[in-house]
Amino acid sequence: MSSGTTETDNYVRFDAVQKSYDGESLVIKDLNLDVQRGEFLTLLGPSGSGKTTCLMMLAGFEPATHGEIYLDGRPINAVPPHRRGIGMVFQNYALFPHMTVNENLAFPLQVRRINKNEIESRVKRALEMVRLSEFGARRPGQLSGGQQQRVAVARALVFDPKLVLMDEPLGALDKQLREQMQYEIKHIHDNLEVTVVYVTHDQSEALTMSNRICVFNEGIIEQLASPTDLYERPNNAFVAQFIGENNTLPGQVTSVNGNHCQVQTDGGATVEALKVNVNASGDRTTLSLRPERVEVNPEPGKFPNVFDARVEELIYLGDHIRTRASVCGQTDFIVKIPNASEHAVLQAGDSVKFGWSAEDCRALDVYQGA
Amino acid sequence: MATLENTASGPLLTADGTPLKVSLARSLRRSKLRGALLVLPALLFLIIIFVVPIAQLLSRSVDDTLVNRALPRTFVAFESWDRQSLPAEAMFEAIFLDITTGEKYTIGKATTRMNYEKPGWRSLIKKSGRKFKKKIKGPPYRDAMIKIDKRWGDVTFWQTLGAMKDPQTLGYFLNAVDRQYDANKHVIMKEKERRVYVMLWWRTFLLSLIVTVGCLAMAYPVAHLLATLPLRYSNLLMICVLMPFWTSLLVRIVAWMVMLQNNGVINSTLVWSGILDDENRLPMMYNFTGTVIVMIQILLPFMILPIYSVMKTIPPSYMRAAQNLGAPPSLAFLKVYFPQTLPGVGAGVILVFIVAIGYYITPELVGGKDGQLIGNMIAYHMQKSLNWGLAAAMGTLLLAAILLLYWVYDRIVGIDNMRMN
Ligand SMILES: Nc1ncnc2c1ncn2[C@@H]1O[C@H](COP(=O)(O)OP(=O)(O)OP(=O)(O)O)[C@@H](O)[C@H]1O
Ligand SMILES: [Mg+2]
């Protein structure tokens, strides 16, 4: 624990939390995480990385094996789930099938012994919020996936919780509906000033909705940052690889020069890069470069890094053209060329020059994944 | 339920103008037809082994043509009799001809039936059959017959013919509930000493109820464990639950005898440990208690399995969601978990109750005198007394009780179920 626990802005706080299901392996390894009041924080990570486990510990369904979780400054490890007052949207919605939509929404209010009229008006308001006013008398089984999802959101919010957890609530929806729902959830968040902890493994969803994103991998936080930082300035090779598209060039640091370093790639080229996650010359490194930051046939002298390339394949994607090329001995180097009039039309087999700045090319740790 | 139609008035129409309901039915017809073909063999099988025997059972329980076939002339003459005084010569002649010219086998069966109505009929006709031909050469018959056996002069015998006149009778059903017809076809209670069945019906229902409740109380927690335990343990538990199925019923009952009888394991242990005196051993076998204990054990799997199969389909997230929404575990169980298990509970209750109500092997073996049930009576009348009409009537009453229960079940659980999907 570093600073005082009374810091008012930290609504949720994981303090050195560890979790093991079987006593043999740690699913969560030393989690320290602060969620600010009113924040929309997304846990993002590959399947099995422990996102649901985090939510379950926060909601009280799984005990933390070690460490303490604080809610609004109070430790809640000993508080049973029904006294935590946290709203939750489950991965499969968990709408009660034997109750109508109205009854589902009234349930949290009834157990709080709120009077009948008040319940009625709050249920009505919640249904209006998710635009399902005519569906109150139906059972969940009679609703489409998107409608069920909205009911689940309404039920998680109807009792005015300060904190709402959502576990891949949009996972089962098709793309268009998902985008619409992303917008609606974001809208609700902005209006109600609740704190949201959101779980997804869809990175574009994370990028569009979140104030901050916490990238998980195998039970540790790889990076916790705003969407922009995460995309523009990944701290390590995992994050660079996981968020957005990314070219990687493995190599070795040959010299370090302030913020920058020179890297000899395994393909034999010497690249000028930003020093992020390497220490000294001789270190192995992975260079990370976004496909849209590469310029085709740049003006001479504009970039320190200019290399010969051979176009291997072009994929037309409407607003841009995805180009696969061989550069520096790498045959799967991807470049996104905007589909704008001033750009020359490339053909497969063309020889061109690719150039990029040292700032856009980040020297990260060695990527261990696939 | 809210109406699903949004239109203000009139039935919905499809694009070509046919009512929506009609086109929906038409579009589903093919698949319905195919489904019907698939179930056809099963349907035939059911009809042959199930529907036909039950129809026979029903018809036998009201069939009363035996006497009509044996004494046709008598019943013609019966129409013009005042039913108060001794019948006139014509009726004596009729019954004389019926007895002397009738087929022996038909008359034999008829006399068995007549004996239910009034004991004595059988011996009277048997005796008369032997002597009539030898001693009576021609009319008048009346006095000659009374001379052979004075019971012919007893009007109460003649009066019982009234109860046998119709080719259908409710007599067996009345008998099954300790009632009978008097001479004027009014329903009256039997004499006190001959009333047995009503008490047996009550005992049967009470025992089935106790067994059902006992099974439910034991099965629900076990089923819950089965559905929620990690696979390794639940498999083991499942084997324990199914074990009784793999053991012969008789072996299990004998095992219970060893446990429960007066000198059995339980009593001996209690006496040995000083909790009971030697004279006050608990009577747990050959009585009502023994029947209840053994039947609960035997029927338990029929309660566990349907409940388990329903619980298995309820994801744990519902309980979690309920608690997350603020319900303490007990309330979450009551409001969210339990209602979802109701179809299984209903199925188990119905199954166990129906099996229990018709059970007869266990009561036969461990019931003693006050553990006998209706099922044992049916078996008795089928095998020993050969009163098949009464056995059929009792069987029909059982069936009716079961159908009634099923209807109630459908009203309470089934329809609610249908609303769910
Ligand atoms: N109840 C449990 N018992 C044992 N192991 C579990 C249990 N729940 C999860 N795990 C394990 O913990 C790890 C993390 O699981 P978790 O459900 O938190 O992943 P997740 O990040 O939510 O994945 P997904 O994106 O697929 O939902 C996994 O390896 C999983 O196998
Ligand atoms: Mg998950």
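The values are calculated or read from the model by the stated rules, or taken from the named source; none is laboratory data. Note that this is a predicted model, so its numbers are computed, not measured. Because the Cβ atoms are built from the backbone with ideal geometry, glycine has one as well, and the counts that use them run over all protein chains shown. For accessibility, only protein heavy atoms count, side chains too; no ligands or nucleic acids. Shrake-Rupley method; radii C 1.70, N 1.55, O 1.52, S 1.80 Å.
Below, the figures for the structure above:
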read-out: Verdict on residue B:340 being without any contact (Cβ under 8 Å) to a residue 24 or more places away in the chain and surrounded by fewer than 22 Cβ atoms within 10 Å (Cβ to Cβ); value: no
read-out: Selection within the range A:50-77 - aromatic (Phe, Trp, Tyr) and either in contact with an Asp or Glu (Cβ under 8 Å, 6 or more places away or on another chain) or more than 16 Å from ligand 1 (Cβ to nearest atom) (or both); value: A:70
read-out: Pair list, Cβ under 7 Å, 6 or more apart: the range A:88-114 residue more than 20 Å from residue A:173 (Cβ to Cβ) and more than 8 Å from chain B (Cβ to nearest Cβ), other residue among the charged types (D, E, K, R) and away from ligand 1 (no atom under 16 Å from the Cβ); value: A:100/A:138; A:100/A:139; A:105/A:155; A:109/A:122
read-out: Hey, residue A:19 surrounded by 19 or more Cβ atoms within 10 Å (Cβ to Cβ) and within 16 Å of ligand 1 (Cβ to nearest atom) or not; value: yes
read-out: Residue satisfying condition, being among the β-branched types (Val, Ile, Thr), open to solvent by less than 20 Å² (accessible area, probe 1.4 Å) and either within 16 Å of ligand 2 (Cβ to nearest atom) or out of contact with any strand residue (DSSP E or B) (no Cβ under 6 Å at 6 or more places or on another chain) (or both), within set A:253, A:194, A:199; value: A:199
read-out: Residue among A:25, A:47 that alone is near ligand 1 (Cβ under 10 Å from one of its atoms), surrounded by fewer than 14 Cβ atoms within 10 Å (Cβ to Cβ) and either in a strand (DSSP E or B) or in contact (Cβ under 8 Å) with a residue 12 or more places away in the chain (or both); value: A:47
read-out: Failed item, numbered, when residue B:250 is tested on (1) in the same structural domain as residue B:400 (by TED's automatic domain parsing); (2) open to solvent by less than 70 Å² (accessible area, probe 1.4 Å); value: (2)
read-out: Residues (within 16 Å of ligand 2 (Cβ to nearest atom), of a type in the set (Val, Ile, Thr) and within 17 Å of residue A:16 (Cβ to Cβ)) located in the range A:52-88; value: A:53
read-out: Qualifying residue in the range A:146-160 (condition: within 26 Å of residue A:55 (Cα to Cα), in a helix (DSSP H, G or I), within 12 Å of another protein chain (Cβ to nearest Cβ) and open to solvent by 30 Å² or more (accessible area, probe 1.4 Å)); value: no
read-out: Counted residues, the range A:323-357 - those being at pLDDT 90 or above, among the aliphatic types (A, V, I, L, M) and assigned to a loop (DSSP other than H, G, I, E, B); value: 0
read-out: The range A:156-171, residues that are without any contact (Cβ under 8 Å) to a residue 60 or more places away in the chain and within 16 Å of ligand 1 (Cβ to nearest atom); value: A:170
read-out: Test result for residue A:238, touching a Cys at 6+ places or on another chain (Cβ under 7 Å), of a type in the set (Phe, Trp, Tyr) and over 29 Å from residue A:194 (Cα atoms); value: no
read-out: Enumeration of residues in the range A:310-322 that are modelled with pLDDT of 90 or more and of a type outside the set (D, E, K, R); value: A:311
read-out: Condition check for residue A:60: away from chain B (no Cβ under 13 Å), modelled with pLDDT under 95 and either within 19 Å of the chain's Cα centre (by Cα) or open to solvent by less than 30 Å² (accessible area, probe 1.4 Å) (or both); value: no
read-out: Positions within the range B:382-408 being open to solvent by less than 100 Å² (accessible area, probe 1.4 Å), within 15 Å of residue B:64 (Cα to Cα) and part of a helix (DSSP H, G or I), in sequence order; value: B:389, B:390, B:391, B:392, B:393
read-out: Residue in the range A:115-138 that is free of Cβ contacts under 8 Å to residues at least 60 places away in the same chain, open to solvent by less than 40 Å² (accessible area, probe 1.4 Å), facing another protein chain (nearest Cβ under 10 Å) and more than 16 Å from ligand 1 (Cβ to nearest atom) present; value: yes
read-out: Flag if residue B:318 is aromatic (Phe, Trp, Tyr), more than 29 Å from residue B:371 (Cα to Cα) and within 14 Å of chain A (Cβ to nearest Cβ); value: yes
read-out: Residue ID - nearest to residue A:9 (Cα to Cα), chosen from residues in the range A:63-100 that are of a type in the set (Lys, Arg) and open to solvent by 50 Å² or more (accessible area, probe 1.4 Å); value: A:74
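One line per residue, one yes/no per condition, for (1) of a type in the set (Gly, Ala, Ser); (2) closer than 30 Å to residue A:209 by Cα; (3) not assigned by TED's automatic domain parsing to the domain that holds residue A:349:
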position	(1), (2), (3)
A:228	no, yes, yes
A:257	no, no, no
A:277	no, yes, no
A:285	no, no, no
A:313	no, no, no
A:317	no, yes, no
A:320	no, yes, no
